[in-house]
Amino acid sequence: MKFTDGYWRKRAGLTVLHPAHFQDSAAAPDSLTVWAATRPVTHRGDTLNSGLITIKVSSPAADVIRVDVSHFSGTRPLYPNFSVASSPVPVIVDDHSLTSGSLTARFNPGEKWGLDFLDADGRRLTGSGWKGMGIVASADGSYVHEQLDLGVGHVVTGLGERFGPLIKNGQTVDIWQEDGGTSSEQAYKNVPFYLTNGGYGVLVDHPGKVSFEVASEMVTRTQFSVAGQELSYLVIHGPTQADIIRKYTALTGRPALPPAWSFGLWLTTSFTTSYDEETVNKFIGGMADRDLPLSVFHFDTFWMREFNWCDFEWDSRVFPDPPGMLKRLADRGLHTCLWINPYIAQRSPLFAEAAAAGYLVKRANGDVFQWDLWQAGMGLVDFTNPEACEWYASKLRPLVEMGVDAFKSDFGERVPTDVVWHDGSDPERMHNYYTQLYNKVVFDVLRELRGEGEAVLFARSATVGGQQFPVHWGGDNSSTFESMAESLRGGLSLMSSGFGFWSHDIGGFEGMPDPAVFKRWIAFGLLSSHSRLHGSSSYRVPWLFDEEAVDVLRTFTHLKYRLMPYLFGAAHVAHETGVPVMRPTTFVFPDDPAVTHLDRQYMLGDDLLVAPVFTAGGEVTYYVPAGRWTRYRTGEIVEGPGWVTETHGFDSVPLLVRPGAVIPVGARRDRPDYDFRDGVTLRLFADLADSTTVRVPGLEAGTESVFTVVRDGAEIRVTRAGDALPWRVEAGDTVVEIAADQDTATLTLR
């Protein structure tokens, strides 16, 4: 929200109080509280008829400082609140500053108000200066805003899955869940957390609407504001963006590790297309006949009867034998996923059941909230009611016990604010937070019945903490190159917001893609953490486009399955540290200013650079950081730093290996879930470091092979620690086969 009219004046009708004078402070062992007068205090009379702003700084974790700003403290507590971990950490406190690890919050005493954040070397990262912090009174309510400085060349990313430019400078962003597709300023996944390249990130600890003015209202500041009398935010010191993500996810939750099978190819029935078991079998058989190895088959909305969403009952007119069908699919090696949402249509038998029990959200007069948007007369499950959570979970458990492996937890954004929640939650705060409760209930059912490491969602909505329940997909995109690019921007923005795993509808959701769009999107889709073929009113099996599409899908599906030892290793990193599988290039090359604005390419793990092709003719321009990079599929060397322009066929995409990398390559290409250690090939690339360690995880928890690669001139020695399984080492044209009972290998580079 904008409060100013240019730099000097406020907007008409607003009264704004700013800290002007450091009045006094109180230091405690774990915090510092400062009282700031809103005008200079030169004599006792200046303390009358004037506001006082309270600013408290504390630390929930090392290198993290929380700032609580308040005006009137007599307001009733509002909830829900984000779950932000906090544990006692040693801090250094005096009358003007608090230090936690490498981060210091320092107030400027006296009349020149200021709050600075400094790193361990005393370098100023950011701060709140003159008129930065403000208490706003207007005819429609009160607000609190903060403005943190942006240094020269500093940029902002994150704020959830946003489909505009990756760099948010110059943008106005409202954190407010909407079902708005992928082509507007609205977003399904709103996260009031942003990253900078200035060594810090910021989480605004408010689950309701947060308005950001990123170098827009004040072009040298990032402003954020909330309604009410209080504002809380956390400054997180990195110094790198990957470091900030590690610390942010330690506070808000790390992603669960998805099962290996979920990284395979997903095929769906699509949304409004007509299908039954015969159609499903035709598609699955067609894929198998063409050597297109599927991992998951997804049944979209019409697995349930029309107007009955959700009753969680198979439409018996179309699927007369669901248990038998699921078993037949499982016997073919397929996992299955079902579409669900948190809305109960009036025609569903569950509506009356839930309404009678008080499980649906109500209006102030006690009526069940209903509308006809999406489903006729639908109500909304009230997940603030523990009994409603258990009731909803009880409808999912029989499906899992029947053989369903995953749920596509759609929607969760269309949440009204003119309602009353069971636990008294504030409707404005619950609007964004609802998705967290919804997805947790669904994920917990899968974890309960399938076990740790086997639970996976395909979720659309999320907020802070939603990264704990992977996987999320990019929503309703269109079947164009432009939408393919906006999907990538959304994914990179989400990855910058603490999410480890992400997918998108290959070929686009709305419309029937041109064959060129579909084929180009395949490479991007299979080189994402998760890969799904899905459409709205048209099927996405490749032979409906042309035979070349079949070949392209086979090529990239096989490629991904061979890369699974590498990808599953990156998945473990995301699970353990929060650093995502797909990463903006700045995560890996923070010191290269040329990568700052890149949003048409990304790093897949630490060592693979991917530049999707967004043209029918195959022309693509991308940036290569410094060093001798290697084309993964041909071995050709590409020298960086610099821009490269080239043309690719449909069966090709820029896929470059970082200098000095060791990529573990699997022995199978027919499925994503196999013992990655058995027959693994370690591919050594140009400019190998003196010592490199590579972890190859097994499918069972706690199993892995660890390879240490040591180079001494032209001689390379590789040592394995782990179970006795055969393995290989490949360096250019040199290939060494190692027996299962051998733990070392030596080769000489030519």
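Cβ-Cβ contacts under 8 Å between residues 6 or more apart (or on different chains), taken from a first residue in segment 627-643 that is without any contact (Cβ under 8 Å) to a residue 60 or more places away in the chain to a second residue that is part of a strand (DSSP E or B) and acidic (Asp, Glu), are listed as Arg628/Glu639; Trp629/Glu639. Can Gly500 be described as within 18 Å of Trp339 (Cα to Cα), in contact with a His (Cβ under 8 Å, 6 or more places away or on another chain), in contact (Cβ under 8 Å) with a residue 60 or more places away in the chain and not charged (D, E, K, R)? No, not satisfied. Just the residues that are among the hydroxyl-bearing types (Ser, Thr, Tyr) and surrounded by 14 or more Cβ atoms within 10 Å (Cβ to Cβ), please, taken from segment 622-674. Result: Tyr622, Tyr623, Thr630, Tyr632, Ser652, Tyr674.
Among the listed residues Phe685, Phe707, which satisfies the condition of being surrounded by 19 or more Cβ atoms within 10 Å (Cβ to Cβ), of a type in the set (A, V, I, L, M, F, W, C), touching a strand residue (DSSP E or B) at 6+ places or on another chain (Cβ under 7 Å) and farther than 18 Å from Arg628 by Cβ? If you could, list the steps in order and put the result at the bottom.
Numbers: Phe685 fails: farther than 18 Å from Arg628 by Cβ.
Among Phe685, Phe707, only Phe707 is surrounded by 19 or more Cβ atoms within 10 Å (Cβ to Cβ), of a type in the set (A, V, I, L, M, F, W, C), touching a strand residue (DSSP E or B) at 6+ places or on another chain (Cβ under 7 Å) and farther than 18 Å from Arg628 by Cβ.
The set of residues from segment 381-430 being free of Cβ contacts under 8 Å to residues at least 40 places away in the same chain and of a type in the set (A, V, I, L, M, F, W, C) comprises Ala388, Trp391. Set side by side, the residues Gly134, Gly129, Gly74, Gly151 differ, and just one is within 26 Å of Met1 (Cα to Cα), open to solvent by less than 10 Å² (accessible area, probe 1.4 Å) and not aromatic (Phe, Trp, Tyr), which is Gly134. Taking each residue of segment 99-112 that is open to solvent by less than 30 Å² (accessible area, probe 1.4 Å) and looking for partners that are of a type in the set (Ser, Thr, Tyr) with beta-carbon atoms closer than 7 Å, six or more apart or interchain, yields Ser100/Ser59; Thr104/Ser97; Ala105/Ser97; Phe107/Ser97.
Based on what the data block shows, is Leu195 under 18 Å from Val152 (Cβ atoms) and surrounded by 24 or more Cβ atoms within 10 Å (Cβ to Cβ)? Answer is yes for this residue.
From the residues in segment 16-32 that are under 17 Å from Gly127 (Cα atoms) and in a strand (DSSP E or B), which one is nearest to the chain's Cα centre (by Cα)?
Start the filter on segment 16-32 by keeping residues that are under 17 Å from Gly127 (Cα atoms), which leaves 18-22, 32.
With the extra rule that they be in a strand (DSSP E or B), the set shrinks to 21-22, 32.
Numbers: His21: 41, Phe22: 40, Leu32: 34 Å.
Within segment 16-32, the match that is nearest to the chain's Cα centre (by Cα) is Leu32.
Filtering Thr269, Thr252, Thr301, Thr273 for residues that are within 29 Å of Arg669 (Cα to Cα) and polar (S, T, N, Q) leaves a single hit, Thr269. Within segment 323-338, can one find any residue that is in a strand (DSSP E or B) and open to solvent by 10 Å² or more (accessible area, probe 1.4 Å)? Yes, segment 323-338 contains at least one residue that is in a strand (DSSP E or B) and open to solvent by 10 Å² or more (accessible area, probe 1.4 Å).
From the list Asp291, Asp315, Asp311, which residue is outside any strand (DSSP E or B), touching a residue at least 40 places away in the same chain (Cβ under 8 Å) and either of a type in the set (D, E, K, R) or touching a Lys or Arg at 6+ places or on another chain (Cβ under 7 Å) (or both)?
Details: Asp315 fails: touching a residue at least 40 places away in the same chain (Cβ under 8 Å); Asp311 fails: touching a residue at least 40 places away in the same chain (Cβ under 8 Å).
Going through Asp291, Asp315, Asp311 in turn, just one is outside any strand (DSSP E or B), touching a residue at least 40 places away in the same chain (Cβ under 8 Å) and either of a type in the set (D, E, K, R) or touching a Lys or Arg at 6+ places or on another chain (Cβ under 7 Å) (or both): Asp291.
Residues that are outside any loop (DSSP other than H, G, I, E, B) and over 20 Å from Ile522 (Cβ atoms) within segment 611-639 comprise Thr621, Tyr623, Val624, Pro625, Ala626, Gly627, Arg628, Trp629, Thr630, Ile637, Val638, Glu639, listed in sequence order. Scanning segment 526-567 for residues that are in a helix (DSSP H, G or I), open to solvent by 10 Å² or more (accessible area, probe 1.4 Å) and either charged (D, E, K, R) or in contact with a Gly (Cβ under 9 Å, 6 or more places away or on another chain) (or both) returns Trp543, Glu547, Glu548, Asp551, Arg554, Arg562, Tyr566. Look at Ala28 and say whether it is touching a residue at least 40 places away in the same chain (Cβ under 8 Å), over 17 Å from Ala137 (Cα atoms), loosely packed, with under 14 Cβ neighbours inside 10 Å and not polar (S, T, N, Q). Yes. When Ser394 is tested against (1) in a helix (DSSP H, G or I); (2) open to solvent by less than 10 Å² (accessible area, probe 1.4 Å), just one condition goes unmet, and that condition is (2).
The values are calculated or read from the model by the stated rules, or taken from the named source; none is laboratory data. If you're wondering where the values come from, they're calculated on a predicted model, not measured in any experiment. Glycine gets a Cβ as well: all are built from the backbone with ideal geometry, and neighbour counts include every protein chain shown. Quick note on the areas: whole protein, heavy atoms, side chains included, nothing else; ligands and nucleic acids left out. Shrake-Rupley method; radii C 1.70, N 1.55, O 1.52, S 1.80 Å.
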